[in-house]
1. Among the residues of segment 89-106, is there at least one that is under 23 Å from Pro151 (Cβ atoms), of a type in the set (Gly, Ala, Ser) and at pLDDT 80 or above?
2. Residues in segment 133-150 that are out of contact with any helix residue (DSSP H, G or I) (no Cβ under 6 Å at 6 or more places or on another chain), surrounded by 13 or more Cβ atoms within 10 Å (Cβ to Cβ) and more than 15 Å from Leu171 (Cβ to Cβ): how many?
3. Being small (Gly, Ala, Ser) and either under 23 Å from the mean Cα position of the chain (by Cα) or modelled with pLDDT under 90 (or both) narrows it down to one residue among Ala136, Ala162; which is it?
4. Restrict the check to segment 108-131 and report whether at least one residue is surrounded by 11 or more Cβ atoms within 10 Å (Cβ to Cβ), at pLDDT below 90, over 23 Å from the mean Cα position of the chain (by Cα) and of a type in the set (Lys, Arg).
Amino acid sequence: MAAKERRTNQDDDNIIEFPGDLDPAQFRVSGTDTKGHTERIWINFQPMHVQTMDILSAKGGPFPFRNRGDLVRHAVVREFHWLERIHKPVNSVTGALDAMNALLRDAEFRQEFTEYLGKLNKQVEAFVDEGDLPAARKLLLETLRHIETMPEGYWKTKYQKAITDKHKRLLEDLPRASLFRIGGEDEEEEYSE
């Protein structure tokens, strides 16, 4: 029974609980410090480990990693926390690093947000300048449809608001679908009770 308890405790130690709900942003660990410094390390992996990394870090995959580096940095930080939990006290600065990473992660998200919206707005404006309003609307609607699949939270709301506020006129001028015309009828039917 003691061996079984030990195994259960070991399994529990391998799980690092994030406060609150699992936030996809917590998978992001910056590769630089606040001054832009970085250190490159080289490490060898078995080919099957690399294949697993590629599956786990694939775009559109189950986790919000952008590449292998995101996955490895995230794994190393989780390991630091786990090692500190099993051997206290460890002279460590993970608390300070976690605080710094929160700041850097937010800065990266804001930069990506600004760059993405700049590119989207530039493309929409190009379509409008060419007189191709249907293409501009299609791009906006497709973008909003993809944003709708994002997890609920700050960034989803921020993207939606920024796009709908900036392109309000284009989005308001969209033709509305009539439920009465879906069946192919040209005239609206009246319903009697």
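The values are calculated or read from the model by the stated rules, or taken from the named source; none is laboratory data. Predicted, not measured: the structure shown is a model, and the values here were computed from it. As a convention, Cβ positions derive from the backbone with ideal geometry for all residues, glycine included, and neighbour counts pool all protein chains shown.
1. No, that holds for no residue.
2. 0
3. Ala162
4. no
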